[in-house]
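J.: The structure is given below, and queries will be raised subsequently.
The values are calculated or read from the model by the stated rules, or taken from the named source; none is laboratory data. Note that this is a predicted model, so its numbers are computed, not measured. Counting neighbours? That spans all protein chains shown, and the Cβs are built from the backbone with ideal geometry, glycine included.
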Amino acid sequence: MVENMLTKNSLFWEDVEVGQEIPPLVFSITMKTLMLAAAGNRDFMPYHYHREFAKSIGTRDAFVNTTFNQALFSRFVTDWTGAGADTRSVTLKMKDQLCVGDTAQVTGTVMRKWADGEDMRIELSLDIHNEIGLTASTTTVMALPSRRHGDV
């Protein structure tokens, strides 16, 4: 297989094992994080950036939105797999708010590995925890490049 720009630094399907732990990602949730997320996805609901408003409705503080959780999971996976991988499916379960001042720790495990025709797939179980506990989880299916079957 000839390396191209996408697969040069990519994880190959043959190098992944069921049960494999993905190195964790630690990410600080700051006010800047919330403002950039709100501006980037145009979600200007005040509980995503106005701390007093968020507290007035019963949450601990201003908190990230759904799109931020999805993006953090996506970054975590693509930092690990490299650019040669492609997302096939994602499910997201939000459990609690990830608030300004929290430290998010994203973790993941390879749950399954299989071939779907020439599409070499892995299923990942991923979680985001803060200092209090689980805030979000996802099951993500990725297609990976393969030394035998080529690019995705």
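J.: What pairs can you find where one residue is in region 52-63 and buried (at least 17 other Cβ atoms within 10 Å of the Cβ), the other is of a type in the set (D, E, K, R) and assigned to a loop (DSSP other than H, G, I, E, B), and their Cβ atoms are less than 7 Å apart, with a gap of 6+ or different chains?
T.: Between residues of region 52-63 that are buried (at least 17 other Cβ atoms within 10 Å of the Cβ) and residues that are of a type in the set (D, E, K, R) and assigned to a loop (DSSP other than H, G, I, E, B), the close pairs are Ala54/Asp61.
J.: Still on this structure, I have one more. Any residue in region 82-109 that is touching a residue at least 12 places away in the same chain (Cβ under 8 Å) and hydroxyl-bearing (Ser, Thr, Tyr) sitting within a Cβ distance under 8 Å of a residue that is surrounded by 17 or more Cβ atoms within 10 Å (Cβ to Cβ) and not in a strand (DSSP E or B)? List the pairs, counting only those 6 or more apart or interchain.
T.: Thr87/Val77; Thr103/Ile29; Thr103/Asn130
J.: Right, something else. Looking at region 71-101, which of its residues are among the β-branched types (Val, Ile, Thr) and either over 14 Å from the mean Cα position of the chain (by Cα) or over 17 Å from Val141 (Cβ atoms) (or both)? Show your work before the answer.
T.: First pass over region 71-101, keeping only residues among the β-branched types (Val, Ile, Thr): 77-78, 81, 87, 90-91, 100.
Within region 71-101, Val100 is the sole residue that qualifies.
J.: Mind checking which helices (runs of 4 or more DSSP H) fall wholly inside region 1-91 and carry at least 3 residues that are among the hydroxyl-bearing types (Ser, Thr, Tyr)?
T.: 66-81
J.: Mind checking which pairs have a first residue in region 17-35 that is over 8 Å from Val110 (Cβ atoms) and a second that is surrounded by 11 or more Cβ atoms within 10 Å (Cβ to Cβ) and acidic (Asp, Glu), Cβ under 6 Å, 6 or more apart or different chains?
T.: That search, which allows pairs on different chains as well, returns Ile29/Asp102.
J.: Quick test for you: out of Thr81, Thr91, pick the one residue that is surrounded by 14 or more Cβ atoms within 10 Å (Cβ to Cβ) and closer than 30 Å to Arg148 by Cβ.
T.: Working: Thr91 fails: surrounded by 14 or more Cβ atoms within 10 Å (Cβ to Cβ).
Sole residue among the options that is surrounded by 14 or more Cβ atoms within 10 Å (Cβ to Cβ) and closer than 30 Å to Arg148 by Cβ: Thr81.
J.: I'd like the full set of residues that are among the polar types (S, T, N, Q) and in contact (Cβ under 8 Å) with a residue 24 or more places away in the chain, limited to region 118-139.
T.: Applying the first criterion (among the polar types (S, T, N, Q)) to region 118-139 yields 125, 130, 135, 137-139.
Asn130, Thr135, Ser137, Thr138, Thr139, listed by residue number.
J.: Please tell me if Gln97 is outside any loop (DSSP other than H, G, I, E, B), under 19 Å from Ala37 (Cβ atoms) and polar (S, T, N, Q).
T.: Details: outside any loop (DSSP other than H, G, I, E, B): no; under 19 Å from Ala37 (Cβ atoms): yes; polar (S, T, N, Q): yes.
In short, no.
J.: Looking at (1) assigned to a strand (DSSP E or B); (2) buried (at least 19 other Cβ atoms within 10 Å of the Cβ); (3) out of contact with any helix residue (DSSP H, G or I) (no Cβ under 8 Å at 6 or more places or on another chain), which is the one condition that is false for Met142?
T.: (3)
J.: Only one residue in Asp102, Asp116 is in contact with a Lys or Arg (Cβ under 9 Å, 6 or more places away or on another chain) and surrounded by fewer than 16 Cβ atoms within 10 Å (Cβ to Cβ). Which one? Step through it out loud before you land on a result.
T.: Numbers: Asp102 fails: surrounded by fewer than 16 Cβ atoms within 10 Å (Cβ to Cβ).
Only one candidate passes the filter, namely Asp116.
J.: Considering region 12-53 alone, what residues qualify as being under 17 Å from the mean Cα position of the chain (by Cα), of a type outside the set (D, E, K, R) and modelled with pLDDT of 95 or more?
T.: Within region 12-53, Gln20, Ile22, Pro23, Pro24, Leu25, Val26, Phe27, Ser28, Ile29 qualify.
J.: When you go through Ser74, Ser125, Ser137 one by one, which is the residue that is touching a Lys or Arg at 6+ places or on another chain (Cβ under 6 Å) and closer than 15 Å to Ile22 by Cα?
T.: Numbers: Ser74 fails: touching a Lys or Arg at 6+ places or on another chain (Cβ under 6 Å); Ser125 fails: touching a Lys or Arg at 6+ places or on another chain (Cβ under 6 Å).
The conditions single out Ser137.
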